[in-house]
Amino acid sequence: MKVREITPYTMAVLSDKDTNGKYVSRVLEDEVEYVMEGKPTKVIEYACAYFGSDLKGRQNGIKSISGITHKTPIPVDPRNRMYFFPTKSPSHANCSWISHSHIEKVRKLDSKSTEILFKNGRTINVDVSHGILINQIHRTAQIRYLIDERSNAFEYQD
């Protein structure tokens, strides 16, 4: 299995199982797809560490600025617009993480599953209700706005 970092090109980190039934992460990027050892939340934890933070710190920071306490969207790297949201509680092994920046639209399939269309034309189906997925997209947009506002508040003008 390959070990790579997620990047601004990462569209999703999906929970999957290998041939032995062990949870792994299927990482979708614009042009490639690869598998990493470990659950998706571990991949997000590594990505946060790579960019100088940790998942728990990101979760606590988002809680303090937004009040969101469950299934918290995470700014993995706000400078590069890398915001991911979980499809379920991150403590669940089958929690996947979706990049907010890559979503074109979503479509309800049935009461418990939703199709995500990415900007590059690729689609995936997730076992999450349409309403929950829309809520996660909106919460992530709110977080992006709040962080952008705070970042821009301190820009100096010539």
Within the stretch 105-142, residues within 14 Å of the chain's Cα centre (by Cα) and among the hydroxyl-bearing types (Ser, Thr, Tyr) come out as 140
The number of residues in the stretch 50-78 that are touching a helix residue (DSSP H, G or I) at 6+ places or on another chain (Cβ under 7 Å), closer than 13 Å to residue 147 by Cβ and charged (D, E, K, R) is 1
Note on residue 81: of the conditions (1) modelled with pLDDT under 95; (2) farther than 20 Å from residue 145 by Cβ, unmet is (2)
Contact list, first residue from the stretch 36-54 and in a loop (DSSP other than H, G, I, E, B), second anywhere and among the hydroxyl-bearing types (Ser, Thr, Tyr), beta-carbon distance below 7 Å, six or more apart or interchain, is 38/25; 39/15; 39/23; 39/25
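For the stretch 61-78, which residues satisfy the criterion of being among the polar types (S, T, N, Q), modelled with pLDDT of 90 or more and either loosely packed, with under 13 Cβ neighbours inside 10 Å or in a loop (DSSP other than H, G, I, E, B) (or both)?
Correct list: 64, 72.
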- Hey, residue 108 modelled with pLDDT of 95 or more, touching a strand residue (DSSP E or B) at 6+ places or on another chain (Cβ under 9 Å) and either of a type in the set (Val, Ile, Thr) or more than 20 Å from residue 8 (Cβ to Cβ) (or both) or not: yes
Given the conditions (1) out of contact with any Leu (no Cβ under 7 Å at 6 or more places or on another chain); (2) farther than 22 Å from residue 142 by Cα; (3) exposed (fewer than 14 other Cβ atoms within 10 Å of the Cβ), every one holds for residue 125 apart from (1)
Contact list, first residue from the stretch 117-136 and without any contact (Cβ under 8 Å) to a residue 24 or more places away in the chain, second anywhere and surrounded by 13 or more Cβ atoms within 10 Å (Cβ to Cβ) and among the acidic types (Asp, Glu), beta-carbon distance below 7 Å, six or more apart or interchain, is 123/115; 125/115
Considering the stretch 53-104, residues that are over 25 Å from residue 122 (Cα atoms) and among the hydrophobic types (A, V, I, L, M, F, W, C), and then whichever is nearest to the chain's Cα centre (by Cα), we arrive at 55
Taking the stretch 12-44 and keeping only residues that are buried (at least 20 other Cβ atoms within 10 Å of the Cβ) and either under 16 Å from residue 126 (Cβ atoms) or within 13 Å of the chain's Cα centre (by Cα) (or both), one is left with 12, 13, 14, 15, 25, 27, 28, 39, 40, 41, 43, 44
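Going through the stretch 112-140 one residue at a time, which ones are among the small types (Gly, Ala, Ser) and either in a strand (DSSP E or B) or modelled with pLDDT under 95 (or both)? Walk me through it before giving the result.
Residues of the stretch 112-140 among the small types (Gly, Ala, Ser): 113, 121, 129, 131.
Residue satisfying the conditions is 113 alone.
The values are calculated or read from the model by the stated rules, or taken from the named source; none is laboratory data. What you see is a predicted model, and the numbers here were worked out from it, not measured in a lab. Counting neighbours? That spans all protein chains shown, and the Cβs are built from the backbone with ideal geometry, glycine included.
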